[in-house]
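To start, the structure under review is shown below, and the notes come after it.
The values are calculated or read from the model by the stated rules, or taken from the named source; none is laboratory data. These numbers come from a predicted model, not from an experiment. Ideal geometry is used to build each Cβ from the backbone, glycine not excepted, and the neighbour counts take in all protein chains shown. These area figures cover heavy atoms from the full protein model, side chains too; ligands, DNA and RNA do not enter into them. Shrake-Rupley method; radii C 1.70, N 1.55, O 1.52, S 1.80 Å.
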Amino acid sequence: MALIEINNLVKVFDKQTVLAGVNLSLVEGDVKVVMGPSGCGKSTLLRCLNRLIEPTSGTIIFRGEDITKPEVDVRALRQSIGFVFQQFALYRHLTVLENVTLALRKIRGMSRSEAKEKALHELSRLDMAIHCDKYPSQISGGQKQRVALARALAMDPAVVVFDEPTSALDPIMSREVAMLIKNLHRDNVTIMCVTHDLLLGRYLSERVAFLDHGIIKAEDTFENLCNNHSDPQIRSFFEREASTS
Amino acid sequence: MSFLDIVLQLIQGVNYTVLVTLTCSATGLVVGLIVVGLRRLSFPGLRFLLDSFTYIFRAIPVLVLLFMVYFGLPMSGLKVPPLLAMALSLGLIAGAYIAEVFRGALDLVDASEIIAAQSMGMSRLQILISIEFPQMIRFAFPGMVNEFTTVLKYSPFAYTVGIPEITKQAMNLASTTMRGIEIYFAVGILYFVIYRIFLAGLQLLERHYRVPGLEPK
Ligand SMILES: Nc1ncnc2c1ncn2[C@@H]1O[C@H](COP(=O)(O)OP(=O)(O)OP(=O)(O)O)[C@@H](O)[C@H]1O
Ligand SMILES: [Mg+2]
(Lines give C-alpha, C1' and ligand atoms only; values in the text may rest on other atoms or scores of the structure.)
(Ligands and ions follow the chains in the order given, each with its own letter.)
Protein backbone atom coordinates (compact mmCIF):
# COMPACT_ATOMS: atom_id res chain seq x y z
CA MET A 1 0.00 0.00 0.00
CA ALA A 2 1.16 3.49 -0.82
CA LEU A 3 2.36 5.77 1.97
CA ILE A 4 1.04 8.81 0.15
CA GLU A 5 -1.66 8.77 -2.48
CA ILE A 6 -2.63 12.02 -4.13
CA ASN A 7 -5.93 11.87 -6.00
CA ASN A 8 -7.20 14.51 -8.35
CA LEU A 9 -5.63 17.32 -6.35
CA VAL A 10 -6.73 20.80 -7.39
CA LYS A 11 -5.48 24.14 -6.16
CA VAL A 12 -6.89 27.41 -7.43
CA PHE A 13 -5.30 30.71 -6.32
CA ASP A 14 -7.77 33.52 -6.90
CA LYS A 15 -8.61 32.62 -10.50
CA GLN A 16 -5.38 30.86 -11.44
CA THR A 17 -5.59 27.08 -11.49
CA VAL A 18 -2.15 25.94 -10.37
CA LEU A 19 -2.92 22.28 -9.75
CA ALA A 20 -5.59 20.89 -12.05
CA GLY A 21 -6.04 17.33 -10.82
CA VAL A 22 -2.73 15.81 -9.81
CA ASN A 23 -2.52 12.05 -9.30
CA LEU A 24 0.60 10.68 -7.71
CA SER A 25 1.50 7.96 -5.28
CA LEU A 26 4.54 7.21 -3.19
CA VAL A 27 5.32 3.81 -1.74
CA GLU A 28 7.09 3.48 1.59
CA GLY A 29 10.87 3.29 1.13
CA ASP A 30 10.68 4.67 -2.40
CA VAL A 31 12.00 7.84 -3.86
CA LYS A 32 9.72 9.91 -6.08
CA VAL A 33 11.19 12.57 -8.33
CA VAL A 34 8.90 15.25 -9.75
CA MET A 35 10.17 17.63 -12.42
CA GLY A 36 8.58 20.38 -14.44
CA PRO A 37 9.05 23.91 -15.75
CA SER A 38 9.29 26.88 -13.42
CA GLY A 39 5.95 27.96 -12.02
CA CYS A 40 4.21 24.69 -12.88
CA GLY A 41 3.12 24.21 -9.28
CA LYS A 42 5.81 21.96 -7.80
CA SER A 43 6.16 23.89 -4.57
CA THR A 44 2.40 24.24 -4.33
CA LEU A 45 2.01 20.47 -4.62
CA LEU A 46 4.51 19.85 -1.82
CA ARG A 47 2.92 22.46 0.42
CA CYS A 48 -0.46 20.81 0.05
CA LEU A 49 1.07 17.67 1.55
CA ASN A 50 1.56 19.32 4.94
CA ARG A 51 -1.30 21.79 4.61
CA LEU A 52 0.89 24.87 4.39
CA ILE A 53 -1.45 25.42 1.45
CA GLU A 54 -5.07 24.29 1.62
CA PRO A 55 -5.99 22.35 -1.52
CA THR A 56 -9.17 23.44 -3.30
CA SER A 57 -10.34 19.86 -3.92
CA GLY A 58 -9.10 16.31 -4.20
CA THR A 59 -7.73 13.97 -1.56
CA ILE A 60 -4.34 13.12 -0.14
CA ILE A 61 -4.27 9.77 1.61
CA PHE A 62 -1.33 9.64 4.02
CA ARG A 63 -0.93 6.41 6.00
CA GLY A 64 -4.50 5.49 5.19
CA GLU A 65 -6.06 8.75 6.26
CA ASP A 66 -7.32 11.62 4.13
CA ILE A 67 -5.31 14.54 5.42
CA THR A 68 -7.22 17.17 3.48
CA LYS A 69 -10.14 16.82 5.87
CA PRO A 70 -10.69 19.80 8.15
CA GLU A 71 -10.58 17.77 11.38
CA VAL A 72 -7.03 16.53 10.73
CA ASP A 73 -4.47 17.56 13.36
CA VAL A 74 -2.31 19.68 11.08
CA ARG A 75 0.55 20.14 13.52
CA ALA A 76 0.82 16.39 14.11
CA LEU A 77 0.75 15.82 10.35
CA ARG A 78 3.56 18.33 9.83
CA GLN A 79 5.72 16.56 12.38
CA SER A 80 5.59 13.37 10.35
CA ILE A 81 6.64 15.07 7.10
CA GLY A 82 10.20 16.39 7.01
CA PHE A 83 10.67 19.39 4.74
CA VAL A 84 13.93 20.56 3.18
CA PHE A 85 13.88 23.83 1.27
CA GLN A 86 15.84 25.32 -1.58
CA GLN A 87 16.98 28.27 0.56
CA PHE A 88 17.84 26.03 3.56
CA ALA A 89 15.76 28.23 5.89
CA LEU A 90 17.99 27.67 8.90
CA TYR A 91 17.11 29.78 11.93
CA ARG A 92 19.80 32.45 11.72
CA HIS A 93 19.88 33.32 15.42
CA LEU A 94 20.51 29.73 16.50
CA THR A 95 23.62 27.58 16.26
CA VAL A 96 23.70 24.48 14.12
CA LEU A 97 22.96 22.38 17.19
CA GLU A 98 20.11 24.61 18.36
CA ASN A 99 18.59 24.53 14.90
CA VAL A 100 18.17 20.79 15.32
CA THR A 101 17.18 20.76 18.99
CA LEU A 102 14.56 23.52 18.84
CA ALA A 103 11.66 21.40 17.59
CA LEU A 104 12.76 18.41 19.67
CA ARG A 105 12.47 20.52 22.80
CA LYS A 106 9.45 22.66 21.92
CA ILE A 107 7.38 19.99 20.20
CA ARG A 108 8.66 16.65 21.40
CA GLY A 109 9.15 18.03 24.91
CA MET A 110 12.64 16.55 25.21
CA SER A 111 14.99 17.82 27.89
CA ARG A 112 17.97 19.90 26.81
CA SER A 113 20.36 16.96 27.14
CA GLU A 114 18.09 14.42 25.45
CA ALA A 115 17.57 16.79 22.54
CA LYS A 116 21.28 17.49 22.31
CA GLU A 117 22.11 13.79 22.20
CA LYS A 118 19.55 13.15 19.47
CA ALA A 119 20.67 16.19 17.49
CA LEU A 120 24.35 15.26 17.68
CA HIS A 121 23.48 11.78 16.48
CA GLU A 122 21.71 13.18 13.39
CA LEU A 123 24.41 15.79 12.78
CA SER A 124 27.21 13.25 12.95
CA ARG A 125 25.40 11.04 10.43
CA LEU A 126 25.82 13.99 8.07
CA ASP A 127 29.34 14.89 9.22
CA MET A 128 28.14 18.14 10.76
CA ALA A 129 28.66 17.42 14.46
CA ILE A 130 32.00 19.24 14.51
CA HIS A 131 30.26 22.41 13.32
CA CYS A 132 27.54 22.25 15.95
CA ASP A 133 28.48 25.53 17.66
CA LYS A 134 28.65 27.58 14.47
CA TYR A 135 25.93 29.88 13.26
CA PRO A 136 24.31 29.49 9.81
CA SER A 137 26.24 32.48 8.45
CA GLN A 138 29.47 30.68 9.27
CA ILE A 139 28.95 27.55 7.17
CA SER A 140 28.76 26.89 3.43
CA GLY A 141 25.60 26.29 1.39
CA GLY A 142 26.16 22.55 1.21
CA GLN A 143 26.72 22.43 4.95
CA LYS A 144 23.56 24.43 5.52
CA GLN A 145 21.60 21.91 3.52
CA ARG A 146 23.06 19.12 5.66
CA VAL A 147 21.92 20.90 8.79
CA ALA A 148 18.47 21.44 7.31
CA LEU A 149 18.36 17.73 6.55
CA ALA A 150 19.52 16.78 10.05
CA ARG A 151 16.85 19.09 11.46
CA ALA A 152 14.18 17.30 9.44
CA LEU A 153 15.49 13.81 10.19
CA ALA A 154 15.68 14.44 13.93
CA MET A 155 11.90 14.42 14.07
CA ASP A 156 11.84 10.85 12.66
CA PRO A 157 9.48 11.76 9.83
CA ALA A 158 7.63 9.14 7.79
CA VAL A 159 8.72 10.89 4.60
CA VAL A 160 11.25 13.59 3.73
CA VAL A 161 10.20 16.08 1.11
CA PHE A 162 12.78 18.12 -0.82
CA ASP A 163 11.86 21.29 -2.68
CA GLU A 164 14.67 21.96 -5.17
CA PRO A 165 17.36 21.02 -2.65
CA THR A 166 20.27 21.77 -4.98
CA SER A 167 19.24 24.83 -6.95
CA ALA A 168 20.92 27.27 -4.56
CA LEU A 169 24.18 25.29 -4.67
CA ASP A 170 27.14 25.17 -7.01
CA PRO A 171 27.63 21.95 -9.04
CA ILE A 172 30.08 20.36 -6.61
CA MET A 173 27.92 20.96 -3.59
CA SER A 174 24.89 19.81 -5.56
CA ARG A 175 26.59 16.47 -6.19
CA GLU A 176 27.39 16.22 -2.52
CA VAL A 177 23.77 16.83 -1.51
CA ALA A 178 22.56 14.41 -4.19
CA MET A 179 24.77 11.74 -2.62
CA LEU A 180 23.33 12.48 0.81
CA ILE A 181 19.79 12.06 -0.44
CA LYS A 182 20.74 8.84 -2.18
CA ASN A 183 22.25 7.53 1.06
CA LEU A 184 19.06 8.42 2.83
CA HIS A 185 17.17 6.33 0.32
CA ARG A 186 19.54 3.44 0.95
CA ASP A 187 18.68 3.78 4.66
CA ASN A 188 15.07 3.17 3.67
CA VAL A 189 13.88 6.71 4.18
CA THR A 190 10.89 7.53 1.99
CA ILE A 191 11.64 10.52 -0.20
CA MET A 192 9.80 12.91 -2.45
CA CYS A 193 11.99 15.31 -4.38
CA VAL A 194 10.95 18.15 -6.60
CA THR A 195 13.74 19.52 -8.75
CA HIS A 196 14.92 21.30 -11.86
CA ASP A 197 18.21 19.54 -11.65
CA LEU A 198 18.16 16.69 -14.14
CA LEU A 199 21.44 15.34 -12.82
CA LEU A 200 19.92 15.07 -9.36
CA GLY A 201 16.70 13.55 -10.70
CA ARG A 202 18.50 10.88 -12.69
CA TYR A 203 20.85 10.14 -9.84
CA LEU A 204 18.02 9.57 -7.38
CA SER A 205 15.64 7.55 -9.48
CA GLU A 206 15.23 5.84 -12.83
CA ARG A 207 11.71 7.16 -13.11
CA VAL A 208 10.39 10.67 -13.01
CA ALA A 209 6.97 12.31 -12.90
CA PHE A 210 6.58 15.32 -15.17
CA LEU A 211 4.31 18.06 -13.85
CA ASP A 212 3.06 20.64 -16.33
CA HIS A 213 0.01 22.89 -16.53
CA GLY A 214 -1.17 21.55 -13.21
CA ILE A 215 -1.24 17.85 -13.99
CA ILE A 216 1.19 14.94 -14.11
CA LYS A 217 1.66 14.79 -17.88
CA ALA A 218 3.82 11.69 -17.80
CA GLU A 219 5.48 9.29 -15.43
CA ASP A 220 8.16 7.12 -16.95
CA THR A 221 11.90 6.44 -17.10
CA PHE A 222 14.16 9.32 -18.05
CA GLU A 223 15.21 7.42 -21.19
CA ASN A 224 11.67 7.05 -22.46
CA LEU A 225 10.69 10.63 -21.70
CA CYS A 226 13.79 11.99 -23.38
CA ASN A 227 13.78 9.78 -26.47
CA ASN A 228 10.47 8.14 -27.10
CA HIS A 229 7.69 10.27 -25.66
CA SER A 230 4.98 11.30 -28.11
CA ASP A 231 4.75 14.85 -26.73
CA PRO A 232 7.59 16.91 -28.27
CA GLN A 233 7.36 19.43 -25.42
CA ILE A 234 8.23 16.74 -22.91
CA ARG A 235 11.04 15.41 -25.07
CA SER A 236 12.51 18.87 -25.44
CA PHE A 237 12.24 19.55 -21.68
CA PHE A 238 14.36 16.54 -20.89
CA GLU A 239 16.67 16.97 -23.89
CA ARG A 240 17.28 20.62 -23.08
CA GLU A 241 17.99 19.81 -19.48
CA ALA A 242 20.23 16.94 -20.54
CA SER A 243 22.30 19.12 -22.84
CA THR A 244 22.78 21.89 -20.26
CA SER A 245 23.74 19.61 -17.41
CA MET B 1 29.06 75.07 49.96
CA SER B 2 31.62 73.61 47.53
CA PHE B 3 30.89 72.20 44.07
CA LEU B 4 31.46 68.75 45.57
CA ASP B 5 28.78 69.39 48.16
CA ILE B 6 26.42 70.34 45.39
CA VAL B 7 27.15 67.13 43.53
CA LEU B 8 26.74 65.06 46.70
CA GLN B 9 23.40 66.68 47.36
CA LEU B 10 22.24 66.03 43.79
CA ILE B 11 23.35 62.41 43.93
CA GLN B 12 20.54 61.77 46.38
CA GLY B 13 18.25 62.13 43.40
CA VAL B 14 20.17 59.70 41.20
CA ASN B 15 18.42 56.64 42.66
CA TYR B 16 15.06 58.09 41.71
CA THR B 17 16.16 59.08 38.23
CA VAL B 18 17.49 55.58 37.64
CA LEU B 19 14.37 54.02 39.16
CA VAL B 20 12.04 56.09 36.96
CA THR B 21 14.12 55.41 33.85
CA LEU B 22 14.32 51.66 34.44
CA THR B 23 10.64 51.38 35.33
CA CYS B 24 9.48 53.31 32.29
CA SER B 25 11.95 51.57 29.95
CA ALA B 26 10.85 48.16 31.19
CA THR B 27 7.20 49.16 30.80
CA GLY B 28 7.94 50.36 27.28
CA LEU B 29 9.73 47.14 26.41
CA VAL B 30 6.94 44.91 27.74
CA VAL B 31 4.22 47.03 26.12
CA GLY B 32 6.12 47.04 22.83
CA LEU B 33 6.45 43.24 22.91
CA ILE B 34 2.79 42.74 23.78
CA VAL B 35 1.55 45.14 21.11
CA VAL B 36 3.70 43.72 18.35
CA GLY B 37 3.10 40.13 19.49
CA LEU B 38 -0.69 40.45 19.59
CA ARG B 39 -0.57 42.25 16.29
CA ARG B 40 1.43 39.41 14.79
CA LEU B 41 -0.96 36.75 16.07
CA SER B 42 -3.49 39.09 14.45
CA PHE B 43 -6.83 38.55 16.05
CA PRO B 44 -9.12 40.53 13.77
CA GLY B 45 -10.41 43.72 15.33
CA LEU B 46 -7.61 43.70 17.86
CA ARG B 47 -5.23 44.89 15.20
CA PHE B 48 -7.20 48.10 14.79
CA LEU B 49 -7.10 48.73 18.53
CA LEU B 50 -3.34 48.14 18.69
CA ASP B 51 -2.67 50.41 15.75
CA SER B 52 -4.86 53.08 17.31
CA PHE B 53 -2.87 52.79 20.52
CA THR B 54 0.49 53.36 18.83
CA TYR B 55 -1.00 56.09 16.62
CA ILE B 56 -2.48 58.04 19.52
CA PHE B 57 0.14 57.52 22.20
CA ARG B 58 2.96 58.65 19.97
CA ALA B 59 1.18 61.96 19.51
CA ILE B 60 0.49 62.85 23.17
CA PRO B 61 3.06 64.96 25.04
CA VAL B 62 4.46 63.06 28.02
CA LEU B 63 3.65 65.81 30.49
CA VAL B 64 0.03 66.04 29.35
CA LEU B 65 -0.49 62.31 29.72
CA LEU B 66 1.28 62.32 33.08
CA PHE B 67 -1.09 65.01 34.37
CA MET B 68 -4.09 63.17 32.96
CA VAL B 69 -3.05 60.04 34.82
CA TYR B 70 -1.83 61.61 38.06
CA PHE B 71 -4.34 64.43 38.50
CA GLY B 72 -7.13 63.26 36.22
CA LEU B 73 -7.67 59.68 37.30
CA PRO B 74 -8.11 60.52 41.03
CA MET B 75 -11.18 62.56 40.02
CA SER B 76 -12.78 59.32 38.93
CA GLY B 77 -11.79 57.77 42.23
CA LEU B 78 -8.55 56.08 41.14
CA LYS B 79 -5.53 57.20 43.12
CA VAL B 80 -2.33 56.49 41.19
CA PRO B 81 1.04 56.37 43.01
CA PRO B 82 3.73 58.58 41.38
CA LEU B 83 5.92 55.82 39.96
CA LEU B 84 2.90 54.05 38.46
CA ALA B 85 1.78 57.36 36.97
CA MET B 86 5.19 57.61 35.28
CA ALA B 87 4.87 54.05 33.95
CA LEU B 88 1.37 54.77 32.64
CA SER B 89 2.49 57.93 30.85
CA LEU B 90 6.15 57.91 29.89
CA GLY B 91 6.20 54.08 29.92
CA LEU B 92 3.19 53.71 27.64
CA ILE B 93 4.39 56.36 25.23
CA ALA B 94 7.79 54.67 25.06
CA GLY B 95 5.88 51.41 24.49
CA ALA B 96 4.08 52.92 21.50
CA TYR B 97 7.38 54.02 19.97
CA ILE B 98 9.12 50.72 20.73
CA ALA B 99 6.19 48.84 19.18
CA GLU B 100 6.84 50.76 15.96
CA VAL B 101 10.55 49.96 16.11
CA PHE B 102 9.67 46.29 16.64
CA ARG B 103 7.18 46.29 13.80
CA GLY B 104 9.90 47.38 11.38
CA ALA B 105 12.37 44.86 12.79
CA LEU B 106 9.85 42.03 12.54
CA ASP B 107 9.72 42.57 8.78
CA LEU B 108 13.41 41.66 8.63
CA VAL B 109 12.74 38.14 9.90
CA ASP B 110 13.05 35.84 6.93
CA ALA B 111 9.66 34.43 5.89
CA SER B 112 11.30 31.16 4.85
CA GLU B 113 12.41 30.50 8.42
CA ILE B 114 8.85 30.95 9.63
CA ILE B 115 7.59 28.55 6.98
CA ALA B 116 10.29 26.06 7.97
CA ALA B 117 9.18 26.27 11.59
CA GLN B 118 5.54 25.83 10.61
CA SER B 119 6.54 22.79 8.57
CA MET B 120 8.10 21.29 11.67
CA GLY B 121 4.74 21.54 13.40
CA MET B 122 5.42 24.53 15.62
CA SER B 123 2.48 26.70 16.66
CA ARG B 124 2.19 30.40 15.82
CA LEU B 125 2.96 31.30 19.44
CA GLN B 126 5.98 28.99 19.58
CA ILE B 127 7.30 30.54 16.38
CA LEU B 128 6.75 34.04 17.72
CA ILE B 129 8.62 33.32 20.94
CA SER B 130 11.39 31.07 19.64
CA ILE B 131 12.13 32.60 16.27
CA GLU B 132 10.53 35.95 15.56
CA PHE B 133 11.11 37.75 18.88
CA PRO B 134 14.77 36.74 19.34
CA GLN B 135 15.63 37.93 15.83
CA MET B 136 13.42 41.00 16.03
CA ILE B 137 15.03 42.21 19.26
CA ARG B 138 18.48 41.88 17.76
CA PHE B 139 17.46 43.87 14.68
CA ALA B 140 15.66 46.45 16.80
CA PHE B 141 18.51 47.03 19.20
CA PRO B 142 19.69 50.45 17.99
CA GLY B 143 16.11 51.73 17.91
CA MET B 144 15.42 50.38 21.39
CA VAL B 145 18.51 52.07 22.81
CA ASN B 146 17.28 55.31 21.28
CA GLU B 147 13.95 54.96 23.05
CA PHE B 148 15.54 54.14 26.41
CA THR B 149 17.69 57.25 26.04
CA THR B 150 14.60 59.32 25.36
CA VAL B 151 13.01 57.88 28.50
CA LEU B 152 16.02 58.96 30.57
CA LYS B 153 15.72 62.45 29.16
CA TYR B 154 12.02 62.67 30.00
CA SER B 155 12.54 61.35 33.52
CA PRO B 156 12.76 64.89 35.06
CA PHE B 157 8.98 65.15 34.60
CA ALA B 158 8.79 62.80 37.57
CA TYR B 159 9.41 65.78 39.84
CA THR B 160 6.00 67.20 38.91
CA VAL B 161 4.34 64.26 40.63
CA GLY B 162 6.59 64.49 43.68
CA ILE B 163 9.41 62.04 42.92
CA PRO B 164 12.60 63.62 44.30
CA GLU B 165 14.87 62.83 41.35
CA ILE B 166 17.92 64.80 40.27
CA THR B 167 16.10 67.76 38.78
CA LYS B 168 13.95 68.12 41.89
CA GLN B 169 17.05 68.14 44.07
CA ALA B 170 18.57 70.77 41.82
CA MET B 171 15.51 73.02 42.07
CA ASN B 172 15.54 72.77 45.86
CA LEU B 173 19.25 73.59 45.95
CA ALA B 174 18.93 76.44 43.52
CA SER B 175 16.15 78.08 45.50
CA THR B 176 18.16 77.98 48.74
CA THR B 177 21.67 78.74 47.47
CA MET B 178 21.12 80.90 44.40
CA ARG B 179 23.97 79.10 42.60
CA GLY B 180 21.91 77.97 39.66
CA ILE B 181 24.66 77.89 37.04
CA GLU B 182 26.92 75.57 39.01
CA ILE B 183 24.02 73.42 40.10
CA TYR B 184 22.63 72.86 36.62
CA PHE B 185 26.14 72.32 35.28
CA ALA B 186 26.48 69.53 37.87
CA VAL B 187 23.06 68.19 36.85
CA GLY B 188 24.23 68.04 33.26
CA ILE B 189 27.32 66.07 34.28
CA LEU B 190 25.25 63.62 36.31
CA TYR B 191 22.86 62.92 33.42
CA PHE B 192 25.84 62.48 31.13
CA VAL B 193 27.38 59.92 33.50
CA ILE B 194 24.10 58.04 33.93
CA TYR B 195 23.63 58.03 30.16
CA ARG B 196 27.11 56.64 29.54
CA ILE B 197 26.69 53.92 32.14
CA PHE B 198 23.29 52.91 30.72
CA LEU B 199 24.73 52.83 27.25
CA ALA B 200 27.72 50.76 28.33
CA GLY B 201 25.37 48.28 30.02
CA LEU B 202 23.20 47.99 26.93
CA GLN B 203 26.22 47.57 24.68
CA LEU B 204 27.47 44.79 26.93
CA LEU B 205 24.12 43.05 26.60
CA GLU B 206 24.15 43.54 22.85
CA ARG B 207 27.61 42.06 22.57
CA HIS B 208 26.65 39.09 24.70
CA TYR B 209 23.66 38.22 22.53
CA ARG B 210 25.23 39.15 19.22
CA VAL B 211 25.02 36.48 16.55
CA PRO B 212 27.28 36.47 13.50
CA GLY B 213 25.22 37.31 10.43
CA LEU B 214 22.44 39.02 12.41
CA GLU B 215 24.16 42.26 13.40
CA PRO B 216 21.86 45.27 13.26
CA LYS B 217 22.71 47.48 10.32
N1 LIG C 1 0.18 32.00 -2.23
C2 LIG C 1 -0.04 32.15 -3.56
N3 LIG C 1 -0.99 33.00 -3.98
C4 LIG C 1 -1.21 33.16 -5.32
N5 LIG C 1 -0.55 32.52 -6.28
C6 LIG C 1 0.42 31.67 -5.91
C7 LIG C 1 0.73 31.44 -4.53
N8 LIG C 1 1.72 30.53 -4.46
C9 LIG C 1 2.03 30.22 -5.73
N10 LIG C 1 1.25 30.88 -6.61
C11 LIG C 1 1.30 30.77 -8.08
O12 LIG C 1 1.23 29.41 -8.40
C13 LIG C 1 2.09 29.11 -9.47
C14 LIG C 1 2.96 27.94 -9.12
O15 LIG C 1 3.84 28.29 -8.08
P16 LIG C 1 4.86 27.27 -7.46
O17 LIG C 1 5.69 28.00 -6.51
O18 LIG C 1 4.13 26.09 -6.96
O19 LIG C 1 5.70 26.85 -8.76
P20 LIG C 1 7.03 25.98 -8.83
O21 LIG C 1 6.77 24.92 -9.82
O22 LIG C 1 7.49 25.58 -7.48
O23 LIG C 1 8.02 27.03 -9.47
P24 LIG C 1 9.61 27.14 -9.28
O25 LIG C 1 10.20 26.06 -10.11
O26 LIG C 1 9.92 28.50 -9.82
O27 LIG C 1 9.89 27.00 -7.83
C28 LIG C 1 2.84 30.37 -9.80
O29 LIG C 1 2.29 30.93 -10.98
C30 LIG C 1 2.60 31.27 -8.63
O31 LIG C 1 2.49 32.60 -9.07
MG1 LIG D 1 9.14 26.08 -6.24
Around residue A:137: net Lys/Arg minus Asp/Glu count, Cβ-Cβ under 11 Å: +2
Among A:52-65, B:108-121, the order from most to least packed when residues are scored by Cβ within 10 Å on average: B:108-121, A:52-65
Dipole magnitude of the protein assembly as shown, debye to nearest 20 (Cβ charges: Lys/Arg +1, Asp/Glu -1, about Cα centre): 1100
Summed residue charge, Cβ within 12 Å of residue A:29's Cβ, Lys/Arg positive, Asp/Glu negative: -1
Between 0 and 90°, nearest 10: helix B:111-120 axis offset from chain B longest Cα axis: 60
Chain A: relative contact order in percent, alpha carbon pairs under 8 Å with at least 6 residues between: 25
Computed over chain B: relative contact order in percent, which uses C-alpha pairs under 8 Å that are six or more apart: 31
Helical mean residue ellipticity (222 nm; -39500 (n - 2.57) per DSSP H run of 4+; nearest 500) of chain A: -11000 deg cm²/dmol
Interface B:A - total buried accessible surface [probe 1.4 Å, Å², rounded to 100]: 2000
Computed over the protein assembly as shown, Kirkwood Rh from alpha-carbon pairs, angstrom: 26.0
Members of the range A:45-83 that become less accessible by 40 Å² or more once partner protein chains are added (1.4 angstrom probe, chain alone as reference): A:52, A:75, A:78
Size-normalised alpha-carbon gyration radius of the range B:3-209, reference 2.2 N^0.38 Å: 1.20
Chain A: C-alpha gyration tensor shape, a/c 1.5 cut-off, then a/b vs b/c: oblate
Cα pair distances of the range A:1-94 binned at 10 Å [whole percent]: 14, 47, 32, 7, 0
Relative contact order of the range B:61-140, pairs being alpha-carbon contacts under 8 Å that are 6 or more residues apart, as %: 28
Heavy-atom surface of the protein assembly as shown, accessible at 1.4 Å and reported per residue (Å²): 47
Positions from the range B:120-144 whose accessible area shrinks by 20 Å² or more when the full protein complex is built, not the chain alone, probe 1.4 Å: B:120, B:121, B:122, B:123, B:126, B:130, B:131, B:135
GluC sites (Glu not before Pro) within the range A:120-206, DSSP loop, no more than 16 other Cβ atoms inside 10 Å: A:206
Accessible-area composition of the range A:1-133, carbon plus sulfur, in percent [1.4 Å probe]: 45
Violating pairs (Cα-Cα greater than 24 angstrom) within the set A:118/A:182; A:69/A:217; A:42/A:118: A:69/A:217; A:42/A:118
Most to least packed among B:42-52, A:111-121, B:1-11 [average Cβ atoms within 10 Å]: A:111-121, B:1-11, B:42-52
